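Here the structure is laid out as structure tokens; the discussion comes afterwards.
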Amino acid sequence: MIHLTDVTKQHGSQVLFRDARFQILPGARMGLVGPNGAGKSTIFRLITGEEEADKGEISCSKKTVIGYFSQDVGEMSGRSALEEVMSSSEEVVKLGIEIKEMEAAMGEAMADDEMARLLERYGNAMEDFEHRGGYDLEARAKSVLTGLGIGPDRFHYPVESFSGGWKMRIALAKILTLNPDVLLLDEPTNHLDVESIVWLEDWLATEFKGAVLMTSHDRDFMNRLVSRIVEVANQAVTTYNGDYDFYLREREIRREQLVASYKRQQEMLAKEEEFIARFAARASHASQVQSRVKKLEKIERIELPPEHKSIHFEFAKPPRSGDDVVRLEDLGKVWPALEEDGKDVSVFGGVSGLIQRVDKVAVVGVNGAGKSTFLKILAEQVEPTEGSAKLGANVALGYFSQHAMELLEPGRTVFQTVQAAMPHATIGVVRNLCAAFLFQGDDVDKQIQVLSGGEKSRVVLAILLARPNNFLVLDEPTNHLDMQSREILLEALRNYSGTVVIVSHDRHFLRALVQRVLEIDHGEMRDYQGGYEYYLSKVSESA
């Protein structure tokens, strides 16, 4: 369907990849992976025609419809949410109008050859219309919007009234409703909650029949959908037949094999070069020396790609808190009505319980259930309407939210920002902490104002873990982080000797970290004394 053959692409002096080749076949499920800046987004833009290859060929059938979801959603205005979603299928709508016009024309008298041409056009149009799902376009648009968390009560809201995150969902709904032959998805789960991610997983697995090529920082999402991985790294594109976990294992096996081949070749080269050096001056060995020189010139030298560095950092042990970290007593929160004739909104009420030292707790619930509000109360950012959430003895609290990134001083460098959080630490310790969160070399001298959202998140998390906090309240800390950064944070929190309460839509992260789950559901809170898998099993039993 889409074939990339011997494609080379570079930006300025930076070569992204050479002689890349892979194909997207009908119904394929493929994951696109690689470090930031390696060229993943460039692959998408080459396929869509937004960029051209410097060398090689990209072939695609003219009839192949490609849907591309990127993080740049563009401007949205002048339509309702439903109209905006359906606008992506304007060609299908036009096709439907043309079919009706052709049906009307068939009732008129015309020559036989003219009627034959009209019938042929009509047959082709009908085939395209059915293939594009024209008959159920509106129903599909409504179903996709609902699945992504925008229900019927908001179908007709103007798109301008939605926040940036919700506009991303509308943009994703547009691409899914298009029902293309090939879906290119660049981080589709970034602004979705767990419920919407699970819906999207199911929709792609059972409803969508086309091919998918996607990037995602959600390990579970990738594992459950893809059966082939395309890696863009070290100026090469490499294909692995398997899911993301298989790719990680196979990549290490291939590297070990390459290292072994490299060592064998180096030993052979050393022997040949030693022979040449020893007998170069002897006329009796001249032909043998020349033969070996020519042999060495023809050998294709094995090159080892840069080794992926795993950085570990031993965080200072925080001071011990009391055994009771937070005591909840009839806790409740009500948001007052925004309008005079509106009703107050009860978020949750009657919550009692205890969070104890070294607990690692996930707070879960549907979007809007009150998870962030609960965390803000724990972090003493918001007052409860009723009851109390009392911190225990010697509790030193650290709070992460998306708002925390806005509090960073734009003119400071990464190094200065982290150093301010640990003023008594040596330069080496500060640099090691920066490196643990992937700020190495000159990166530590970058100013905060030039950092991406993911980089700012890493700075805030480094500060939190550098300070002597023994109670961390984390609201979506994984939101802007790539897989490597998530694994670093996960390892740090698993080794952290304090208490953690976290909201995250990364199921792999929660599964590997928490031993207790608090679920907010319709104003009530349920306490599951077990890990994330235990919680899912209990919910499944109830369902």
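The values are calculated or read from the model by the stated rules, or taken from the named source; none is laboratory data. Quick caveat: nothing in here was measured; it's all calculated off a predicted structure. FYI the Cβ positions are ideal-geometry reconstructions off the backbone, even for glycines, and counts take in every protein chain you see.
Test GLU84 against the criterion of being of a type in the set (Asp, Glu), touching a helix residue (DSSP H, G or I) at 6+ places or on another chain (Cβ under 9 Å) and in contact (Cβ under 8 Å) with a residue 40 or more places away in the chain, and give yes or no.
Yes: the conditions hold for GLU84.
Restricting attention to segment 302-357, and to residues there that are over 27 Å from ASN432 (Cβ atoms) and among the polar types (S, T, N, Q), which single residue is modelled with the lowest pLDDT?
The qualifying residue modelled with the lowest pLDDT is SER346.
Can you spot a residue in segment 192-200 that is surrounded by fewer than 21 Cβ atoms within 10 Å (Cβ to Cβ) and within 28 Å of VAL7 (Cβ to Cβ)?
No: zero hits.
If a residue has to be over 24 Å from TRP335 (Cα atoms), of a type in the set (Ser, Thr, Tyr) and in contact (Cβ under 8 Å) with a residue 12 or more places away in the chain to count, how many in segment 487-543 make the cut?
Looking only at that region, the number is 7.
Can you tell me which residue in segment 13-54 is surrounded by the most Cβ atoms within 10 Å (Cβ to Cβ), limited to those that are farther than 15 Å from VAL237 by Cα and without any contact (Cβ under 8 Å) to a residue 40 or more places away in the chain?
Ranking the qualifying residues of segment 13-54, first place goes to ARG45.
Residues that are farther than 22 Å from PRO188 by Cβ, at least 2 per element: which strands (runs of 3 or more DSSP E) completely within segment 1-91 meet that?
So the answer is 2-11, 14-24, 55-60.
Of all the residues that make up segment 159-218, how many are in a loop (DSSP other than H, G, I, E, B) and either charged (D, E, K, R) or free of Cβ contacts under 8 Å to residues at least 40 places away in the same chain (or both)?
Total satisfying the criteria: 8.
Determine if segment 372-388 includes at least one residue that is in contact with a helix residue (DSSP H, G or I) (Cβ under 9 Å, 6 or more places away or on another chain), among the hydrophobic types (A, V, I, L, M, F, W, C) and either at pLDDT 95 or above or within 28 Å of SER452 (Cβ to Cβ) (or both).
Within segment 372-388, not a single residue is in contact with a helix residue (DSSP H, G or I) (Cβ under 9 Å, 6 or more places away or on another chain), among the hydrophobic types (A, V, I, L, M, F, W, C) and either at pLDDT 95 or above or within 28 Å of SER452 (Cβ to Cβ) (or both).
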